[in-house]
Amino acid sequence: MKMSKGQFGRRLLGFMVAGAALVTGGMAWAELGQPSPWEYKLQPSASPVMDNITTFHNLLLGIITVITLFVLALLVVVVIKFNARANPVPSRNTHNTLIELAWTLIPVLILFTIAIPSFKLLFLELDVPKADLTVKATGKQWYWSYAYPDNGKFEFDSLMAQDKQPRLLGVDNEMVVPVNKVIRVQTTGADVIHSFAVPAFGIKIDAIPGRLNETWFKATATGMFYGQCSELCGKDHAFMPIAVRVVSDQEFAAWVETAKKKFAANPANSLASAGAAAQ
Ligand SMILES: [Cu+2]
C-alpha cells in the first residue's frame, strides 16, 4: 500500500488525536489512592515523597523523549543521506575533535542533571523525619498485621475481604493513620520476604524475616489508599492487599480507643504472640 504525503500526514494526525483522547480520558478516570482503568502513568500523589517521585519521573521522561527523538532523527538522516545510492563515495574521515568533545561532555551533563535530583530524592526517602507515629507492618503468608506501639501496643490482622470494593484491594481491618502526620512504617516478615508498597505515598520496602526495615510517609489527603504486597511470597501473594485509611486527628483518636478494645479481646492479636510467631 502506497501512501501519499498528505495521506500519511492525515493518518499521523489521526493517531495523535486518538492518543490525546486516550490520555485525557485516562486522567478523567484517575482516582486518588487506587488504580483506575486506562491508567498509564503513576498514581496521583498524596505525600511529599510521591510528589518528588512524580516530578523526577516527569524530568526523566522528558530527557529520554528528547534523546530518543534525537537518535531517531540521526538514524533517519543516515538512512536518507548516506545510503549507497545517495552517497556512493563514502567519506574517510576518522576524527573530529569538536564532535568527540560534544558527545563526551553532553552525556556527562545529562547524567549530572539526572544524578542531582536522584540523590536528593534518595535522601528524602531514607532519612525518616521525626515521626509522629509508628506503625509496624508484619508480612505474613498471606496477610498483613499492623501494630501500633505508640498507641497502646495493640496489633491486628488485615485480610483481604472478598465482598469489599475495590476488588482484590478491600480488607476487613484497615491500617488507620492521621492526615498530615509523619508516619514511620517499620516492616518485617514473619515467614518469607514480603514487600510493603503503597503507590500514592511513594513507599515500597521489603518486609524481611529477622530484620526491621523502616520507611515513612506523610499523607496529605484523607481517604482510602491501597497498595499490594510487592515481593513474590507464595501462592496468595496477589491476595494480601494493603489498605490505609487516612483520617483527621479526632477520628484517629476515636479509632484508637475502639481498636484497643476490639483487638485486645483477641489474644492471637497481642504483640507477644506476634513476636513469638516471628521467631
Ligand atoms: Cu507477600
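The values are calculated or read from the model by the stated rules, or taken from the named source; none is laboratory data. What you are looking at is a predicted structure, and each value in this text was computed from that prediction instead of being measured. Cβ coordinates were reconstructed from backbone atoms using ideal geometry, including for glycine residues, and neighbour counts include every protein chain displayed. Ligands, DNA and RNA are excluded from the accessible area calculation, which covers all protein heavy atoms including side chains. Shrake-Rupley method; radii C 1.70, N 1.55, O 1.52, S 1.80 Å.
Among the residues of this structure, residue 183 does not count as one that is under 16 Å from residue 138 (Cα atoms) and free of Cβ contacts under 8 Å to residues at least 24 places away in the same chain. Before we move on, is residue 122 open to solvent by 10 Å² or more (accessible area, probe 1.4 Å), away from the ligand (no atom under 16 Å from the Cβ) and under 20 Å from the mean Cα position of the chain (by Cα)? Criteria met by residue 122. Candidates are the residues of the range 246-279 that are closer than 17 Å to residue 188 by Cα and either open to solvent by less than 40 Å² (accessible area, probe 1.4 Å) or within 16 Å of the ligand (Cβ to nearest atom) (or both); the one that is modelled with the highest pLDDT is 269.
Taking the options 138, 113, 134, name whichever one is open to solvent by less than 30 Å² (accessible area, probe 1.4 Å) and out of contact with any Ser or Thr (no Cβ under 6 Å at 6 or more places or on another chain). Unique residue meeting the criteria: 134. Of the residues in the range 199-213, at least one is under 19 Å from residue 141 (Cα atoms), within 16 Å of the ligand (Cβ to nearest atom), of a type in the set (Lys, Arg) and over 19 Å from the mean Cα position of the chain (by Cα). The residues of the range 33-56 that are part of a loop (DSSP other than H, G, I, E, B) and of a type in the set (A, V, I, L, M, F, W, C), listed by number, are 38, 42, 46. Residues that are surrounded by 15 or more Cβ atoms within 10 Å (Cβ to Cβ), farther than 17 Å from residue 254 by Cα and not aliphatic (A, V, I, L, M) within the range 144-163 comprise 144, 145, 146, 157, 158, listed in sequence order.
For the range 214-245, a tally of residues being more than 15 Å from the ligand (Cβ to nearest atom), open to solvent by 60 Å² or more (accessible area, probe 1.4 Å) and under 23 Å from residue 193 (Cβ atoms) returns 1. Cβ-Cβ distances below 8 Å connect the following pairs, each with a first residue in the range 219-237 that is over 15 Å from residue 50 (Cβ atoms), a second residue that is open to solvent by 70 Å² or more (accessible area, probe 1.4 Å) and more than 16 Å from the ligand (Cβ to nearest atom), and a separation of six or more residues or different chains: 224/245. For residue 181, the conditions (1) within 16 Å of the ligand (Cβ to nearest atom); (2) open to solvent by 30 Å² or more (accessible area, probe 1.4 Å) are fulfilled apart from (1).
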